[in-house]
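**Student:** Please read through the structure below; I'll follow up with questions.
No lab work stands behind these numbers, since they all come straight from the coordinates. Given the structure is predicted, the values throughout are model-derived calculations rather than measurements. Cβ atoms come from the backbone with ideal geometry, glycine included; neighbour counts cover every protein chain shown.
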Amino acid sequence: MPSARLADATLHYLDTGSGSDVVLLLHAFPLSSAMWAPQVKALSARFRVVAPDYRGLGRSRPAPAASTMELLSGDLVTLLRGLGIRRASVAGCSLGGYLAFELYRRAPELVRALALCDTRAGADTVAGRQGRETFAENALARGLGWVADDFCPKLLRPDPDPAILAQVKALTAEGTPEGVAAAQRGMALRKDSVPTLSRIQVPTLVVTGEHDQLIPVAEAQAMQAGIPGARLSIVPGTGHLPNLEAAATVSQQLGSFFAAAPP
């Protein structure tokens, strides 16, 4: 993976495929850009695909005190401009969805279309923020093995494929405890994106797993209802990561949706 040197960090990213149509893939917590491997393979046949690791996750270093959406979206803008990319279709899963909202607020001219996957628009409750801080402290004290064992099963359907669970745990191991803690603290600080929904003026696809254990399907339905003209896809038999549990289905949906988006 190539890297982009920022003022205070090194951002690793994947850049493959070719053409003028670009797809930006934003990964979930606590994983890396490698979670999108099936989609990268499928989409790079007709798009240029860019997929970064966030600071402290995957191979990007170092982790900040808090990976706020403002900080990470600034990294994305710097990366895209450095690559000469003026416009991209954006798919964000979970944390990547929170980041996609912030990127749209910060630089709407960069966003050609949106796919919001297994994410929510609302900010955390007080209890939710407290839970994230407890998780951050545990990650720092107990390490990535604890993160993988405690959290990764929740990312998949209740009866996960053992091979996919092992893959997700391996992706978690690519990061650092500091990166995990920073991501949790950054998510706790994120803005409420509900007011943003009605202002989204690009084609939008909302994707969710039928059996998502972390974010109920009702959240996806509310986002679709709030975004003008948005479409909804509920992927059967999947949890929080339908892109891995139903890789071919999600790849086809994203490819078709992005191909149909106006230039």
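**Student:** Check which residues have an amide H placed less than 5 Å from Val235's amide H, if you skip close sequence neighbours.
**Tutor:** Thr208, Gly209, Glu210
**Student:** Using 0.36 nm per residue, how much length does the chain from Trp146 to Val77 gain when fully extended, once their Cα-Cα distance is taken away?
**Tutor:** Result: 21.5 nm gained on full extension.
**Student:** Could you give the size of the charge dipole of the chain about its Cα centre, using +1 on the Cβ of each K and R and -1 on the Cβ of each D and E, expressed in debye and rounded to the nearest 20?
**Tutor:** For the chain, the charge dipole is close to 740 debye.
**Student:** Do any cysteines of the chain lack a neighbour Cys whose Cβ is under 4.7 Å away, and which are they?
**Tutor:** Cys152
**Student:** Gain in length, Gln213 to Ala37, computed as 0.36 nm per residue apart minus the alpha-carbon separation, to one decimal in nm?
**Tutor:** Between Gln213 and Ala37, full extension yields an extra 61.1 nm.
**Student:** Next question, about the same structure. Residues of region 122-154 with the amide nitrogen closer than 14 Å to a label point 7 Å from the Cα of Asp192, along Cα-to-Cβ, please.
**Tutor:** Correct set: 122-126.
**Student:** In sequence order, what are the phi-derived ³J(HN,Hα) couplings for region 94-110 according to the Karplus relation 6.51 cos²θ - 1.76 cosθ + 1.60 with θ = phi - 60°, rounded to whole Hz, with x for glycine and proline?
**Tutor:** 3J(HN,Hα) across region 94-110, in whole Hz: 6, 3, x, x, 4, 5, 4, 4, 5, 4, 5, 5, 6, 9, x, 5, 7.
**Student:** Would you please state the base-10 log of I(q)/I(0) at q = 0.13, 0.14 1/Å for the chain, with intensities from the Debye formula using one equal scatterer on every alpha carbon?
**Tutor:** Log10 of I(q)/I(0), two decimals: -0.76, -0.90.
**Student:** Taking the Cα centre of the chain as the origin and placing charges on Cβ (Lys, Arg +1; Asp, Glu -1), which of Gly179, His211, Leu156 is farthest toward the positive end of the dipole?
**Tutor:** Of the candidates, Gly179 comes out farthest on the positive side.
**Student:** Antiparallel DSSP bridges in the chain: what percent, to the nearest 5?
**Tutor:** 25 percent
**Student:** Setting aside same-chain residues fewer than 8 positions from Lys169, which lysines have a Cα under 25 Å from its Cα?
**Tutor:** Lys41, Lys154
**Student:** Name the residues whose placed amide hydrogens come within less than 5 Å of the amide hydrogen of Arg61, ignoring near sequence neighbours (fewer than 5 apart) on the same chain.
**Tutor:** Here Thr10, His12, Gly56 satisfy the definition.
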